[in-house]
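Engineer: Please see the structure below; I have some questions.
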Amino acid sequence: MSNLINIGVSGLRAHQESLAVTGQNITNASTPGYARQRAEITSVVGSSTATRFDGAGARVDNIRRMVDEQAIVQVRRDQSLHSQMDTLTQQLRQIESVFFGEASGIDQGITRFFDALQVANASPSSVPDRQIVLDEARALTERFHGVHARLDQQASTVDGLLRADLKRVNELAVGIADLNERINSVRNSERSGAVNGLLDKRDLLLNELAEFASITVVEESGGQVNVFLGKGKPVVLDVNASTFDLRTDGAITMRTVLQSTPENVTEALSGGELGGLIEFRDDVLRQVQNEVGVLAASITENFNRTHAQGLDLKSNFGGPFFEELNTPELTRGRVLADAGNVPGHYVAIDVHIDDPAALAGSDYSLEFSESDPGVYIVRRESDNHLVASGLVSGNEGQTLSFDGLTVTLGDNEFLPGDRYLLTPVRNAGRDFGVAIQDPSKLALAAPVRLTSLPDNTGGASISIAGIHNTEHGFFSEPGELVPPLQVVFTSETTFDVLDASDPVNPQQLDPPLRSLPYIPGVTNELLPSDGAKIIHTSGSDVSKLAEPVVSPVPTDPGNGYQAGFVDFEFRDPETDLFQESRSINFPDDASAQEIARRLSSL
């Protein structure tokens, strides 16, 4: 009878404990991180004989957490991806507001500036219209400055978010490592469900960690877990936690208990808020900053080049309209030394913008080899493409050219392992500015004026197709050609170009431009292009032909020149395709006058 009572009591106790577990589940149904538990009841083996078995009742063998490990792993992956995309979307929306605002958009400023310029071109003598051009140009610079400041501010905000996230990652790593130690201690000392609460807390921390970066969790036999961030960087190993930090140059570093020097792990982190912020900063924000810089540099260079070909109200050729791109301060400021370089070691590096049209809109890394002194490589950050490499010997400087840039390495000694970041256009939007203050200096007039004589009877017209070189001798006097030219048609298909210095008695040019072909109905060039010339000479004395003649040359022969010839090969200046070749021969003892006459005739 007593055995039966004991069996009943054990069953009562087992189910009482099971009901307590059920009550615990109901009570914590809304508790974050709580995993449902189940009491596992097992029979207690009693005594037995050959003819009789006496049972001992039942007992709770274990309180098990009801979790699906595969589902937990998938949830963490989804959390990491969602957090990354959400963070990236939020930052992109801020970029969108910068560029499409009516009061801040660069495209609206460019449109207003060129509209004002078109109005001023229609009335170039109007000072108020010229002033409007300058006002709109200054407004455009303010838009560039505003966009750059907003992007710069957003970069600072991203760095602040990264620091805050890394601080929380460090706290989570310490918390997980501490729970690892406690779980191992409890699991080895008890078989009750006391460890379940610790496992719930650890899973909660792991889920939160997955919001900051993609993680991989590897469980060990003792109940501890090893946690790896991104592409295999350990954040927790057993009971040890790594420490993450953000350097001043934007690189994220990690240091474990076994490392004395922090390791750059920026490229290894992915997913989560950290992955979204890094992707936005490195692949979007910096690219946008560089593209704004390319636009500012292109407007500056192209407009200044065109403006230099025009004349202002005082008939002077135009100076720089926008601030110069390559002042010493700007070229030197486009270089950032890596935080790991030797402190206090200064080297001179200049980055000069040569051709904005060839700019790649990227930053560049300049790295010096640690094992081979003076050996360097330059990589384009946007695609990691190698654009230059070489050797700096001793204190000798060197000049590199790539992607529309010229980089000058000074004559200082570069140390092994030195790293530099070249930012050719990242701050060009900030440096964009108007150089002209006086509206009269706005060069709106073309350096060539075309007029028709009043007695003309034809219906044709002449227009300026383009001016490619205002430093030509034709433009030695501001505001007019020297000499002024007059076009006279000698037939329906030919014309002469004359020197009209004396309008009453125009003269032939030297050499003359007569009987030039004219094709009705199409555009004809007034001044023929010679194209590119490749000159070959032959004869033992032909090099003497290049000597200048400063006094009259004797007309009598016998000057000792031997026979020779000069070949001229003409090529198209744009396509470099062969067009024609012509030769000039001269006999033995030909006088310099005779040779010069033959050259001039060609």
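Engineer: Looking only at residues that are in a strand (DSSP E or B) and not aliphatic (A, V, I, L, M) in the range 230-248, which one is farthest from LEU206 (Cα to Cα)?
Structural biologist: Here the residue is ASP245.
Engineer: Quick one: which of THR243, THR266, THR261 is of a type in the set (Ser, Thr, Tyr), under 29 Å from ASP152 (Cα atoms) and open to solvent by 40 Å² or more (accessible area, probe 1.4 Å)?
Structural biologist: Checking each option against the conditions leaves just THR243.
Engineer: Right, something else. What is the one condition in (1) part of a helix (DSSP H, G or I); (2) more than 22 Å from GLY146 (Cβ to Cβ) that VAL292 does not satisfy?
Structural biologist: Looking at each condition in turn, VAL292 falls short on (2).
Engineer: Let me ask something additional. Give me the pairs: first residue in the range 63-76 and over 17 Å from LEU209 (Cβ atoms), second residue in a loop (DSSP other than H, G, I, E, B) and open to solvent by less than 60 Å² (accessible area, probe 1.4 Å), beta-carbon distance under 6 Å, and six or more apart or on different chains, which are they?
Structural biologist: ILE63/GLY193; ARG65/ALA35; VAL67/ALA35
Engineer: Could I ask something else about it? Given the criteria open to solvent by 30 Å² or more (accessible area, probe 1.4 Å), modelled with pLDDT of 90 or more and on the phi < 0 side of the Ramachandran plot, does ALA210 qualify?
Structural biologist: For ALA210, the condition - open to solvent by 30 Å² or more (accessible area, probe 1.4 Å), modelled with pLDDT of 90 or more and on the phi < 0 side of the Ramachandran plot - is not met.
Engineer: Being modelled with pLDDT of 90 or more and touching a helix residue (DSSP H, G or I) at 6+ places or on another chain (Cβ under 6 Å): is that true of GLY276 here?
Structural biologist: For GLY276, the condition - modelled with pLDDT of 90 or more and touching a helix residue (DSSP H, G or I) at 6+ places or on another chain (Cβ under 6 Å) - is met.
Engineer: Here's something else I'd like to know. Which residue pairs have Cβ atoms closer than 9 Å, lie 6 or more positions apart in sequence or on different chains, and pair a first residue in the range 493-509 that is assigned to a loop (DSSP other than H, G, I, E, B) with a second residue that is open to solvent by 70 Å² or more (accessible area, probe 1.4 Å)?
Structural biologist: Pairs that qualify, where the first residue is assigned to a loop (DSSP other than H, G, I, E, B) and the partner is open to solvent by 70 Å² or more (accessible area, probe 1.4 Å), are THR493/PRO517; THR493/ILE519; THR493/PRO520; ALA500/GLN507; SER501/GLN507.
Engineer: Keeping to the range 359-375, report how many residues are among the small types (Gly, Ala, Ser) and in contact with a helix residue (DSSP H, G or I) (Cβ under 7 Å, 6 or more places away or on another chain).
Structural biologist: Within the range 359-375, residues that are among the small types (Gly, Ala, Ser) and in contact with a helix residue (DSSP H, G or I) (Cβ under 7 Å, 6 or more places away or on another chain) number 2.
Engineer: Additional query: What tally of residues in the range 248-258 results from selecting those that are under 20 Å from GLU171 (Cβ atoms), hydrophobic (A, V, I, L, M, F, W, C) and open to solvent by 40 Å² or more (accessible area, probe 1.4 Å)?
Structural biologist: The number of residues fulfilling the criteria is 1.
Engineer: When you check GLN90 against the structure, is it more than 30 Å from LEU269 (Cα to Cα), modelled with pLDDT of 90 or more and open to solvent by 70 Å² or more (accessible area, probe 1.4 Å), yes or no?
Structural biologist: no
Engineer: Would you please name the residue that is farthest from ASP165 (Cα to Cα), looking only at residues in the range 96-127 that are aliphatic (A, V, I, L, M) and crowded, with 17+ Cβ neighbours inside 10 Å?
Structural biologist: Of everything passing the filter in the range 96-127, ALA120 is farthest from ASP165 (Cα to Cα).
Engineer: Moving on to the next point. If VAL225 passes every condition in (1) closer than 15 Å to GLY271 by Cα; (2) modelled with pLDDT of 90 or more but one, which one does it miss?
Structural biologist: If we test VAL225 against (1) closer than 15 Å to GLY271 by Cα; (2) modelled with pLDDT of 90 or more, just (1) comes out false.
Engineer: Could you please find all residues in the range 130-161 being within 26 Å of PHE321 (Cα to Cα) and of a type in the set (Gly, Ala, Ser)?
Structural biologist: The answer is ALA137, ALA139, GLY146, ALA149.
Engineer: Something else about it: Tell me which residues, restricted to the range 217-229, are within 33 Å of the chain's Cα centre (by Cα) and open to solvent by 20 Å² or more (accessible area, probe 1.4 Å).
Structural biologist: The answer is PHE228, and nothing else.
Engineer: Tell me which of these VAL347 doesn't satisfy, since it passes every other one: (1) farther than 30 Å from LEU229 by Cβ; (2) surrounded by fewer than 21 Cβ atoms within 10 Å (Cβ to Cβ); (3) under 23 Å from the mean Cα position of the chain (by Cα).
Structural biologist: In the conditions (1) farther than 30 Å from LEU229 by Cβ; (2) surrounded by fewer than 21 Cβ atoms within 10 Å (Cβ to Cβ); (3) under 23 Å from the mean Cα position of the chain (by Cα), VAL347 misses (3) alone.
Engineer: What about THR306, is it among the β-branched types (Val, Ile, Thr) and part of a loop (DSSP other than H, G, I, E, B)?
Structural biologist: No: the conditions fail for THR306.
Engineer: So which residues in the range 373-395 are outside any strand (DSSP E or B), open to solvent by 80 Å² or more (accessible area, probe 1.4 Å) and over 21 Å from ARG334 (Cα atoms), if there are any at all?
Structural biologist: Result: PRO373, ASN395.
Engineer: Restrict the check to the range 297-308 and report whether at least one residue is touching a residue at least 24 places away in the same chain (Cβ under 8 Å), under 19 Å from PHE432 (Cβ atoms), of a type in the set (A, V, I, L, M, F, W, C) and open to solvent by 20 Å² or more (accessible area, probe 1.4 Å).
Structural biologist: Checked the range 297-308: at least one residue is touching a residue at least 24 places away in the same chain (Cβ under 8 Å), under 19 Å from PHE432 (Cβ atoms), of a type in the set (A, V, I, L, M, F, W, C) and open to solvent by 20 Å² or more (accessible area, probe 1.4 Å).
Yes/no matrix, rows are residues, columns are (1) among the small types (Gly, Ala, Ser); (2) open to solvent by 30 Å² or more (accessible area, probe 1.4 Å); (3) modelled with pLDDT of 90 or more:
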| site | (1), (2), (3) |
| --- | --- |
| ASP129 | no, yes, yes |
| ALA137 | yes, no, yes |
| HIS145 | no, yes, yes |
| HIS148 | no, no, yes |
| VAL158 | no, no, yes |
| LEU162 | no, no, yes |
| GLU171 | no, yes, yes |
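Engineer: While we're here: Give me the residue from the range 402-440 that is among the hydrophobic types (A, V, I, L, M, F, W, C) and assigned to a loop (DSSP other than H, G, I, E, B) and, out of that set, nearest to the chain's Cα centre (by Cα).
Structural biologist: Only one residue fits best here, namely VAL425.
Listed here are the residues, each with its yes/no results for (1) among the polar types (S, T, N, Q); (2) over 30 Å from GLY250 (Cβ atoms).
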position: LEU162; (1), (2): no, no
position: LEU172; (1), (2): no, no
position: ASN180; (1), (2): yes, yes
position: ARG187; (1), (2): no, yes
position: ASN207; (1), (2): yes, no
position: ALA210; (1), (2): no, no
position: ALA213; (1), (2): no, no
position: LEU229; (1), (2): no, no
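Engineer: So is GLN84 farther than 30 Å from PHE212 by Cα and among the polar types (S, T, N, Q) or not?
Structural biologist: no
The values are calculated or read from the model by the stated rules, or taken from the named source; none is laboratory data. Note that the coordinates shown come from a computational prediction; the quantities given were computed from them, not determined experimentally. Every residue, glycine as well, gets a Cβ built from its backbone with ideal geometry; the counts of neighbours run over all protein chains shown. Side chains included, ligands, DNA and RNA excluded: accessible areas come from the protein's heavy atoms. Shrake-Rupley method; radii C 1.70, N 1.55, O 1.52, S 1.80 Å.
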